[in-house]
Every structure is written in C-alpha cells, then in structure tokens.
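Asker: Here's a structure for you.
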Amino acid sequence: MELYFCNVCNESIPQTDIDSGRAVSRGKGLVCRACESAMSSLEGGPSSATTPAPSSTPAPSSPRAHSRGLWFTTALLAGAAVWLWSDQQRLAGEHARELRQLQQQLEALRGQERSANASLESLRTQHELAQRTARTETEATARRLEDVRNQLADARAGQAALTSRLAQMEAERAKLALLEALAPRLQDLEGKVRALGEERATLLARIDDLQKGVEDVATRPTLQPTPVQPARPAWESRLADLESPGEATRLEAVLALSSTRDAAVVPHLVPRLKDDNLFVRTATARALGELKTTDRAALLALCEALLDAEAPVREAAWVALRGCTGSNLAYDPLGTDTERARRAKAWRELLERTGAPEAPPSGS
C-alpha cells in the first residue's frame, strides 16, 4: 500500500480520502481534506447561492472559531512554504542533474577533443613518415634509374663489341673457307713441286751438256738480250672477285688482297668501303689500316666511313685512320649522329691541314 502526504501540513493521507475525493490534487502534489477546506475558505468561502445572506447585525464571533481560523491560516502558510521549499528543492535537483549532465557532456567533449588531438598527432606522424618514405623511395628509384642507364650504356658498348667480334669471326670464317678452297690448289702445287724436282734433275743433266759447248758459244757473235717483261702480280686474278654478286666471294677477295701487303691493291679496295655487305665494308676498312696506306683518296674514304650506318664499320675506319696517320684524334663510334658528324669533319680538316702522312718504311 502506498503512502501519500499532504504538501501543506505534511500529514499522511489515507487511501480512502483519495478514493472518495476528499483529498485533492494541487499542482504536482496532494492536499488533505482539512487543508483543502481551509484554503477554500481563504479563497472566498462558499458561494452566495448556497450560503444564506448575513443579517445586517454582525454576529459576534467566538474565540474558538477565531483561534481555529488562525490555526488554519498558519497551517496554510506553513504548507505553502513547505510546498515552495519542496518545489525549489525539486528545481534545484533538476538543475543539479542538468549541471551534472552538462559536466558529463563537457568531459565527454574534452575526451573527444583529446582523442581528436591524439588522432591528429598520429596522422601528422604518419604524414611525416609517408613523406620520408616517399623521399627515400624517390632517391632509391633515381639511383636504380641511374644504374639502369649505366647498364644500358654498358650493354650498348657490349653489343658494339659483340658486333665487331662477330665481324672478326666472319672474317676468320671467310679465311678458313678460303684455306679450304685453296687446299686442292696446295695439293696441285705439291705435285708441281715434285714434277719440278724431276725437271731440275733433267735440267742439271742438260747443264752439263751445255757446259761442254761453252767454248763454242764464246766464239759466236754476242747477241743483244731480249728485254723481259715484268711479271704481273698474282693478286690481279682476284680483282674480278671484288665485283662478284656473291658476298662471300667479295669478302674473300678483300682478305686475299689485304694479305699481299702490297700498297698497289689500295685503289682496288677503296670502292669496297661502299659495299652493300656489312662484313665486306668492315674487312675493307681493316685491310686499309693493316696496309698502312698513305693514299689520300683512301684516307678520305675512311673519313666518310666514319659516318657509316653500322658501328663496326665506323670503329674499323677510326682504328685504320689512327694507324695510318698516327693521330689520336677522338671519335666515338657509338656517339650521336651530330657528334659523329662533327668528329668526322675534324678528321677531314686534319687531313687537309697535314696532307697524307709519309709512307712508312718497307717492312714496317
């Protein structure tokens, strides 16, 4: 069973008064039957419709009635004061709760601010770390790019060296093919040498016979000697091969003429610097260098070969010019077109200033 108290006199109110309506609700609280009656009398008492009109002569009030009205007034004031005090306490409690809620919200906001500051500091740290990492990766990428460029340059130089070596191997192969082709001729020469040995024995016998007739020859009139035509060089038989449609034949002809070490073959070799075949042009440039040619036309042709489309030809021409002129004028077979053109022009100007070098002594 619940207990209820009057908000005026603070006396308990029975449940029967509440059920019968003798206790009434005022505001947010309950007022007992006695306090309600007192407050009703103070507010104006019963209406004129139910209360008989007073007589013209006022009835004297008894001291007991006066004391009872004073008590109710006092009780009413006390109840009002208690009610006001309880309402103030309630409002104070609500304000305190609201203040505590606001303080909790403020503390929560401060916690969120601290968390946000920590997150911001973490993000700043991550940003700085990301920047340092990006700079480190950029520097590492730049170093790797430089290494790749160096490796590419080395690979290009290696490719040029391999191409040059391939040209040398092709030249050696051509020499081997030439030797294989000459093997039957060597066998024929051996047979001819044996035949010549037999003829030598025959000639020696004839010399003995001729010596017996020397005296008879001495008594005969002296005859004028018949001029002997100089023998044609054996390499002239290979000149026709220089114009052969077969690339291997032209290459073998260039190598054969180079092996003669005869400066007279130079004019026949110079046109081969314009040959369609890479290996023929390379072998020709090397042949002119090995012959130490001083022919001006050949040297100018080698200067033109410095602009050849293939690096092995350019390198062979540069080596030949250095060997023939004794000059160490710089040139890069793997340089750019502009740089190679400038260096080739410098070689031509050098030849124009100095002219063709003196021919090296025989046997050099």
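Asker: Between ALA205, ALA167, ALA177, which is outside the structural domain of ARG286 (by TED's automatic domain parsing), at pLDDT below 75 and part of a helix (DSSP H, G or I)? Show your work before the answer.
Answerer: On the way: ALA167 fails: at pLDDT below 75; ALA177 fails: at pLDDT below 75.
Selected residue: ALA205, the only one of ALA205, ALA167, ALA177 that is outside the structural domain of ARG286 (by TED's automatic domain parsing), at pLDDT below 75 and part of a helix (DSSP H, G or I).
Asker: How many of the residues in the range 18-67 are modelled with pLDDT of 75 or more and surrounded by 10 or more Cβ atoms within 10 Å (Cβ to Cβ)? Step through it out loud before you land on a result.
Answerer: So the first thing to find is which residues in the range 18-67 are modelled with pLDDT of 75 or more, and the list is 18-25, 30-38.
This time we only want the ones that are surrounded by 10 or more Cβ atoms within 10 Å (Cβ to Cβ), so: 18, 20, 22-25, 30-38.
Of the residues in that region, 15 qualify.
Asker: Follow-up question, since we're still on this one. Looking at the structure I just gave you, is GLU98 part of a helix (DSSP H, G or I), at pLDDT below 90, surrounded by 10 or more Cβ atoms within 10 Å (Cβ to Cβ) and among the acidic types (Asp, Glu)?
Answerer: Numbers: part of a helix (DSSP H, G or I): yes; at pLDDT below 90: yes; surrounded by 10 or more Cβ atoms within 10 Å (Cβ to Cβ): yes; among the acidic types (Asp, Glu): yes.
Against the criterion (part of a helix (DSSP H, G or I), at pLDDT below 90, surrounded by 10 or more Cβ atoms within 10 Å (Cβ to Cβ) and among the acidic types (Asp, Glu)), GLU98 qualifies.
Asker: Right, next: I'm told GLU315 meets every condition in (1) crowded, with 19+ Cβ neighbours inside 10 Å; (2) under 23 Å from GLU243 (Cα atoms) except one. Can you identify the failing condition by its number?
Answerer: Checking GLU315 against (1) crowded, with 19+ Cβ neighbours inside 10 Å; (2) under 23 Å from GLU243 (Cα atoms), the one that fails is (2).
Asker: Ok, one more. Scan the range 112-159 residue by residue and report those that are closer than 30 Å to PRO312 by Cβ and among the small types (Gly, Ala, Ser). Break it down into steps so the answer makes sense when it comes.
Answerer: Looking only at the range 112-159, we keep the residues that are closer than 30 Å to PRO312 by Cβ, and these are 145-159.
If the condition is that a residue be closer than 30 Å to PRO312 by Cβ and among the small types (Gly, Ala, Ser), then ALA153, ALA155, ALA157, GLY158 are the ones that fit.
Here's the yes/no breakdown for (1) under 19 Å from ALA171 (Cα atoms); (2) of a type outside the set (A, V, I, L, M, F, W, C):
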| position | (1), (2) |
| --- | --- |
| ARG272 | yes, yes |
| ARG286 | yes, yes |
| ALA298 | no, no |
| PRO312 | yes, yes |
| TRP318 | yes, no |
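Asker: Next question. Cβ-Cβ under 7 Å, sequence separation 6+ or interchain: first residue in the range 68-85 and closer than 14 Å to CYS6 by Cβ, partner among the hydrophobic types (A, V, I, L, M, F, W, C) and assigned to a helix (DSSP H, G or I). Which pairs?
Answerer: Between residues of the range 68-85 that are closer than 14 Å to CYS6 by Cβ and residues that are among the hydrophobic types (A, V, I, L, M, F, W, C) and assigned to a helix (DSSP H, G or I), the close pairs are PHE72/ALA38; ALA75/CYS35; ALA75/ALA38; LEU76/CYS35; LEU76/ALA38; LEU76/MET39; LEU76/LEU42; GLY79/CYS35.
Asker: Within the range 266-291, which residues are surrounded by fewer than 23 Cβ atoms within 10 Å (Cβ to Cβ) and within 18 Å of GLY246 (Cβ to Cβ)?
Answerer: Hits for the range 266-291 are HIS268, PRO271, LYS274, ASP275, ASP276, ASN277, LEU278.
Asker: Within the set of pairs 6+ apart or on separate chains, which have a first residue in the range 9-22 that is assigned to a loop (DSSP other than H, G, I, E, B), a second that is at pLDDT below 80, and C-beta atoms under 6 Å apart?
Answerer: Every condition considered, the pairs that remain are ARG22/ARG33.
Asker: Can you list the helices (runs of 4 or more DSSP H) found entirely within the range 247-364 that contain at least 3 residues being polar (S, T, N, Q) and over 47 Å from the mean Cα position of the chain (by Cα)?
Answerer: Numbers: elements: 247-259, 266-269, 278-290, 296-305, 311-325, 337-354.
Ranges flagged: 247-259.
Asker: Another question, if that's okay. Regarding the range 291-302, can at least one residue be identified that is assigned by TED's automatic domain parsing to the domain that holds ASP332 and under 17 Å from GLU252 (Cα atoms)?
Answerer: Applying the first criterion (assigned by TED's automatic domain parsing to the domain that holds ASP332) to the range 291-302 yields 291-302.
So of that shortlist, the ones also under 17 Å from GLU252 (Cα atoms) come out as 291.
Yes, the conditions are met somewhere in the range 291-302.
The values are calculated or read from the model by the stated rules, or taken from the named source; none is laboratory data. What you are looking at is a predicted structure, and each value in this text was computed from that prediction instead of being measured. Glycine also receives a Cβ, built like all others from the backbone with ideal geometry; neighbour counts cover every protein chain displayed.
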